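**Student:** Have a look at this one.
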Amino acid sequence: MGFLERIKEGLKKTRYELKARLEAALKGPLDENTLREIEEALILSDCGVETSTRLVEKLKEAWKKGHLKDPKDVKKVLREIIGEILKSVERPLRIDNYRPFTILTLGVNGVGKTTTVAKIGKALISDGKKVLFGACDTFRAAAIEQLSEWAERLGAEIVKHKEGSDPAAVAYDAIKAASARNVDVVILDTAGRLHTKSNLIEEMKKIKRVIARETGSGPHETLLILDATNGQNAIQQVKSFHEALTVSGLAITKLDGTAKGGFILPVSELFKIPIRYICVGEKLEDLLPFSAEEFSKALLEE
Amino acid sequence: MFERLQERFETLFKKIKGQGKLTEENIKEALRDVRIALLEADVNYKVVKDFLEKVKEKAIGQGVLTSITPGQLFIKIVYDELTQLLGSSHSPLNLGGPPPHPIMLIGLQGSGKTTTAGKLALFLRKKGKRPLLISTDTRRPAAMEQLKKISSQIDVPFFSFEGQKDPLSICKDARQYAIKTYSDVLIFDTAGRLHIDEDLLEELVEQKKAISPCEVLLTVDGMTGQDALNIAKAFDEKIGVTGFILTKMDGDARGGAALSIKAVTGKPIKFIGTGEKLDCLEQFHPERIASRILGMGDIVSLVEKAQEAFEEKKAKELERKLRTDQFTLEDFREQLRQVKKLGSIESILSMIPGFSKFRSSLDLSETEKELKKMEAILNSMTKKERLNPQIIDGSRRLRIAKGSGTTVQDVNELLRKYNELKKLMRKLTRGELKGFKPGIFFR
């Protein structure tokens with residue numbers, strides 16, 4: 001059997017469901033084989049080699065200490081370990097301490113920034129807040145039109161300039177307009193940028209400077225949006241953006257596919273940035289506040 | 001990563017020095033390191049497992065030649081296997097049969113379909129084709145508008161229609177329109193969808209029937225993790241893809257997704273997206289991605305690029321001029337152009353192993369700007385001035401500054417640099433600086 005066939009065959013058998021894998025693994029006694037299967041399941045969820053190995057080490061420890069007598073408890077113990085890591089970053093966004101509260105979004109291309117801005121807007125509007133969108137993505141073709149359409153559908157205010165104009169100027173106008181129109185929350189949608197493009201990072205710094213100058217206290221949230229489909233590069237994204245722009249919160253999108261977004265384990269351990277939201281579907285209501293318990297459950301497919 | 005791999009291979013070498021053969025025992029650690037390297041590059045776990053088995057089979061029993069170290073031999077086996085698995089050569093677009101040739105782009109939300117559609121159109125237009133861009137994305141707000149804008153940026157026609165809300169009728173009408181406008185390639189940009197959304201996949205199947213495309217290309221984000229395999233497999237099984245385009249490869253993602261995709265579907269990766277601009281679409285070269293996945297840096301591409309840019313004849317001529325002290329501003333400009341042909345400084349440096357680590361700490365945009373400015377100044381001179389720099393007086397400097405949008409200071413600075421370079425060259429050729437050879441600078 002050729003290499004490709006072997007993989008295809010292998011895939012047919014194991015459909016990548018962590019649940020099935022874990023259950024199969026847990027049928028036998030807790031031995032090296034079981035632990036390896038658990039490690040495999042974690043790596044397949046994009047947790048990364050290091051984190052996965054470490055989690056398995058912890059399981060081994062628990063086993064040796066006698067906390068883990070029944071192999072059936074493995075899942076419970078694993079969930080507890082993961083839950084503990086994630087508990088420290090479970091801090092929902094509070095928007096009542098400033099007015100207007102300014103949220104600056106950022107992220108690499110195609111993570112779903114504009115859609116997430118709309119979703120957050122919708123949640124806040126349903127909460128009775130007055131929301132203003134700032135269309136700071138002046139680069140991508142039709143990004144402004146896309147946000148405008150959302151604003152119209154949701155009944156949000158919008159400040160926009162022409163395509164190709166200075167995003168910092170849009171931010172300036174958005175903040176000025178927010179004060180004038182008695183707005184509760186300003187959400188700024190920005191152009192996608194790879195974390196490796198120094199000129200685009202500088203542009204972002206400028207936007208942030210303008211916001212800081214005009215609000216005196218903001219941006220009150222610098223929200224980095226991550227795509228759950230991404231792998232280990234997500235860690236690099238957080239690292240670079242955080243170093244350059246001091247990220248204050250994360251949102252994880254596209255958790256409605258088969259990707260698990262396991263990278264949030266190493267990300268949480270390394271940077272301890274609060275995770276504000278997760279997106280679990282295309283509908284506007286599919287934005288949820290992050291819950292450590294729910295996420296650990298989802299990660300282990302319970 | 002390469003540094004780490006290399007380091008580990010050094011220890012491996014020490015261990016098996018004098019043994020002359022790779023055995024299961026002495027490659028064990030090396031295999032473990034390759035495993036970690038591949039997993040950290042986001043190659044799917046299953047693929048890694050099978051891949052390592054194959055490497056092991058190949059490696060065990062291999063005699064170590066005297067000319068290379070066991071470590072080098074091992075990494076060569078890994079690299080060769082990787083390259084082979086990724087596809088032995090570049091696979092071009094299949095545009096057979098009578099025109100118009102429809103191409104269909106599919107993929108997850110945010111994988112870069114619309115941008116890629118524009119890039120592909122530009123690529124084909126440069127090849128002398130007459131592409132037509134069509135969007136069947138009736139769902140995402142302003143998706144059509146986005147493609148329309150892109151089409152006008154690259155001066156390629158866009159099929160627009162009034163009030164049509166149904167993707168299927170768009171597919172049918174576009175064909176008619178293409179025949180009327182003599183377009184020979186139709187690029188269909190479809191709405192993003194999840195690989196597990198049965199209804200939307202069914203919709204794609206319908207569209208495919210209506211279009212009967214000669215290429216169905218799945219765009220996959222180069223930063224995709226373990227899930228790349230599921231995504232590629234699902235789309236291929238349901239829709240039937242003919243190839244892949246790996247997008248957003250201009251970041252620091254190692255692109256392990258490429259290997260997962262290739263391994264699970266066997267279909268070729270046709271292009272990679274390497275930037276936000278519409279001309280940033282490159283043909284896929286397996287050996288380059290192999291180095292990247294292993295974190296080895298793309299030395300091969302760098303050497304190739306350098307070879308292309310520095311044509312030997314010109315280099316020889318330059319050396320002769322330096323020796324005879326005839327290095328003019330005209331030659332200086334030629335030098336700048338050669339450097340520019342290599343690509344942006346960042347893209348050149350990123351091919352060097354280990355560079356990714358320093359990328360964020362270096363500000364290369366300034367250097368790029370400086371080079372641009374210098375070229376502008378040189379371009380604003382007359383040929384006579386470039387050949388006889390000594391005639392450039394005050395009023396000429398002012399004219400040059402105005403013409404290039406710079407200041408007289410900038411012009412002075414350039415002339416100063418030129419004179420310094422010339423002086424240095426003179427010293428070098430006369431052997432006044434010991435230990436230096438002129439060739440070092442220009443080869």
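The values are calculated or read from the model by the stated rules, or taken from the named source; none is laboratory data. Keep in mind it's a predicted model, so treat the numbers as computed, not measured. With ideal geometry, Cβ positions are generated from the backbone for all residues, glycine too; neighbour counts draw on all protein chains shown. Heads up: the accessible areas ignore ligands, DNA and RNA and are worked out on the full protein's heavy atoms, side chains in. Shrake-Rupley method; radii C 1.70, N 1.55, O 1.52, S 1.80 Å.
**Student:** Among all residue pairs at least 6 apart or on different chains, which show Cβ distances below 9 Å where the first residue, located in the stretch B:79-94, is closer than 16 Å to residue B:293 by Cα and the second is open to solvent by 20 Å² or more (accessible area, probe 1.4 Å) and acidic (Asp, Glu)?
**Tutor:** B:79/B:287; B:82/B:287; B:83/B:287; B:86/B:287
**Student:** Taking residue B:375 as the residue in question, decide whether it is at pLDDT 75 or above and either touching a helix residue (DSSP H, G or I) at 6+ places or on another chain (Cβ under 9 Å) or not assigned by TED's automatic domain parsing to the domain that holds residue B:274 (or both). Write out each step before concluding.
**Tutor:** Values: at pLDDT 75 or above: yes; either touching a helix residue (DSSP H, G or I) at 6+ places or on another chain (Cβ under 9 Å) or not assigned by TED's automatic domain parsing to the domain that holds residue B:274 (or both): yes.
Criteria met by residue B:375.
**Student:** Return a yes/no flag: does the stretch A:180-193 have any residue that is touching a helix residue (DSSP H, G or I) at 6+ places or on another chain (Cβ under 7 Å), free of Cβ contacts under 8 Å to residues at least 40 places away in the same chain and within 14 Å of chain B (Cβ to nearest Cβ).
**Tutor:** Checked the stretch A:180-193: no residue is touching a helix residue (DSSP H, G or I) at 6+ places or on another chain (Cβ under 7 Å), free of Cβ contacts under 8 Å to residues at least 40 places away in the same chain and within 14 Å of chain B (Cβ to nearest Cβ).
**Student:** Which number in (1) part of a loop (DSSP other than H, G, I, E, B); (2) in contact with a Ser or Thr (Cβ under 7 Å, 6 or more places away or on another chain); (3) buried (at least 21 other Cβ atoms within 10 Å of the Cβ) marks the one condition that residue A:163 misses?
**Tutor:** Among (1) part of a loop (DSSP other than H, G, I, E, B); (2) in contact with a Ser or Thr (Cβ under 7 Å, 6 or more places away or on another chain); (3) buried (at least 21 other Cβ atoms within 10 Å of the Cβ), residue A:163 violates only (3).
**Student:** Still on this structure: Under 6 Å by Cβ, and 6 or more places apart or on different chains, what pairs join a residue from the stretch B:166-190 that is in the same structural domain as residue B:112 (by TED's automatic domain parsing) with one that is at pLDDT below 85 and surrounded by fewer than 24 Cβ atoms within 10 Å (Cβ to Cβ)?
**Tutor:** Hits for this filter: B:170/B:164; B:184/B:99.
Quick grid of which residues meet (1) under 15 Å from residue B:134 (Cβ atoms); (2) open to solvent by less than 10 Å² (accessible area, probe 1.4 Å); (3) among the hydroxyl-bearing types (Ser, Thr, Tyr):
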residue	(1), (2), (3)
B:184	yes, no, no
B:189	yes, yes, no
B:194	no, no, no
B:199	no, no, no
B:205	no, no, no
B:209	no, no, no
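Okay, residues lined up against (1) more than 13 Å from every other protein chain (Cβ to nearest Cβ); (2) in contact (Cβ under 8 Å) with a residue 60 or more places away in the chain; (3) open to solvent by 10 Å² or more (accessible area, probe 1.4 Å):
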site: B:215; (1), (2), (3): yes, yes, no
site: B:229; (1), (2), (3): no, yes, no
site: B:253; (1), (2), (3): no, yes, no
site: B:261; (1), (2), (3): no, no, no
site: B:276; (1), (2), (3): no, yes, yes
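**Student:** Of all residues in the stretch A:230-286, which are among the polar types (S, T, N, Q) and in a helix (DSSP H, G or I)?
**Tutor:** A:233, A:236, A:237, A:240, A:268
**Student:** I've got another one for you. Tell me the residue from B:110, B:87 that is within 14 Å of chain A (Cβ to nearest Cβ), touching a helix residue (DSSP H, G or I) at 6+ places or on another chain (Cβ under 6 Å) and not basic (Lys, Arg), please.
**Tutor:** B:87
**Student:** Output the residues belonging to the stretch A:237-285 that are closer than 22 Å to residue A:121 by Cβ, among the polar types (S, T, N, Q) and open to solvent by less than 10 Å² (accessible area, probe 1.4 Å).
**Tutor:** A:253
**Student:** Among the residues of the stretch B:64-91, what is the count of those that are closer than 24 Å to residue B:47 by Cβ, modelled with pLDDT under 80 and open to solvent by 40 Å² or more (accessible area, probe 1.4 Å)?
**Tutor:** Number of matching residues: 4.
**Student:** Same structure, new question: Restricting the search to the stretch B:206-262, which residues are of a type in the set (Val, Ile, Thr) and assigned to a loop (DSSP other than H, G, I, E, B)?
**Tutor:** If the condition is that a residue be of a type in the set (Val, Ile, Thr) and assigned to a loop (DSSP other than H, G, I, E, B), then B:239, B:241, B:242 are the ones that fit.
**Student:** Further, regarding this structure: Checking residue A:213 against (1) touching a residue at least 24 places away in the same chain (Cβ under 8 Å); (2) away from chain B (no Cβ under 14 Å), only one condition comes out false. Which one?
**Tutor:** Evaluating residue A:213 over (1) touching a residue at least 24 places away in the same chain (Cβ under 8 Å); (2) away from chain B (no Cβ under 14 Å) leaves (1) as the failure.
**Student:** Given the structure, is residue B:117 at pLDDT 95 or above and either in the same structural domain as residue B:271 (by TED's automatic domain parsing) or under 23 Å from the mean Cα position of the chain (by Cα) (or both)?
**Tutor:** Working: at pLDDT 95 or above: yes; either in the same structural domain as residue B:271 (by TED's automatic domain parsing) or under 23 Å from the mean Cα position of the chain (by Cα) (or both): yes.
Answer is yes for this residue.
**Student:** Provide a single number: the residues in the stretch A:138-157 that are more than 9 Å from every other protein chain (Cβ to nearest Cβ) and crowded, with 22+ Cβ neighbours inside 10 Å. It would help to see each step written out before you state the result.
**Tutor:** At the first step, the residues of the stretch A:138-157 found to be more than 9 Å from every other protein chain (Cβ to nearest Cβ) are A:138, A:151-152, A:154-157.
Now narrow it down to the ones that are crowded, with 22+ Cβ neighbours inside 10 Å: A:156.
Qualifying residue count, the stretch A:138-157: 1.
**Student:** Can we say residue B:235 is within 28 Å of residue B:37 (Cβ to Cβ), aromatic (Phe, Trp, Tyr), surrounded by 21 or more Cβ atoms within 10 Å (Cβ to Cβ) and within 13 Å of another protein chain (Cβ to nearest Cβ)?
**Tutor:** Working: within 28 Å of residue B:37 (Cβ to Cβ): yes; aromatic (Phe, Trp, Tyr): yes; surrounded by 21 or more Cβ atoms within 10 Å (Cβ to Cβ): yes; within 13 Å of another protein chain (Cβ to nearest Cβ): yes.
For residue B:235, the condition - within 28 Å of residue B:37 (Cβ to Cβ), aromatic (Phe, Trp, Tyr), surrounded by 21 or more Cβ atoms within 10 Å (Cβ to Cβ) and within 13 Å of another protein chain (Cβ to nearest Cβ) - is met.
**Student:** Further question: Search the stretch A:283-300 for residues being touching a residue at least 60 places away in the same chain (Cβ under 8 Å) and within 14 Å of chain B (Cβ to nearest Cβ), and hand back the single one that is farthest from the chain's Cα centre (by Cα). Before the answer, list the steps.
**Tutor:** So in the stretch A:283-300, the residues touching a residue at least 60 places away in the same chain (Cβ under 8 Å) come out as A:284-287, A:289-293, A:295-297, A:299-300.
Pick out the ones that are also within 14 Å of chain B (Cβ to nearest Cβ) and you get A:284, A:286, A:299.
Numbers: A:284: 16, A:286: 14, A:299: 14 Å.
So, considering only residues that are touching a residue at least 60 places away in the same chain (Cβ under 8 Å) and within 14 Å of chain B (Cβ to nearest Cβ), the one farthest from the chain's Cα centre (by Cα) is A:284.
**Student:** Here's another thing I want to ask about it. Can you tell me which residue among B:304, B:319, B:330 is at pLDDT 80 or above and either on the phi > 0 side of the Ramachandran plot or not in a loop (DSSP other than H, G, I, E, B) (or both)? First the steps, then the outcome.
**Tutor:** On the way: B:304 fails: at pLDDT 80 or above; B:319 fails: at pLDDT 80 or above.
Exactly one of B:304, B:319, B:330 is at pLDDT 80 or above and either on the phi > 0 side of the Ramachandran plot or not in a loop (DSSP other than H, G, I, E, B) (or both), namely B:330.
**Student:** Report whether or not residue B:149 is in a helix (DSSP H, G or I), assigned by TED's automatic domain parsing to the domain that holds residue B:219 and open to solvent by 70 Å² or more (accessible area, probe 1.4 Å).
**Tutor:** Details: in a helix (DSSP H, G or I): yes; assigned by TED's automatic domain parsing to the domain that holds residue B:219: yes; open to solvent by 70 Å² or more (accessible area, probe 1.4 Å): no.
Criteria not met by residue B:149.
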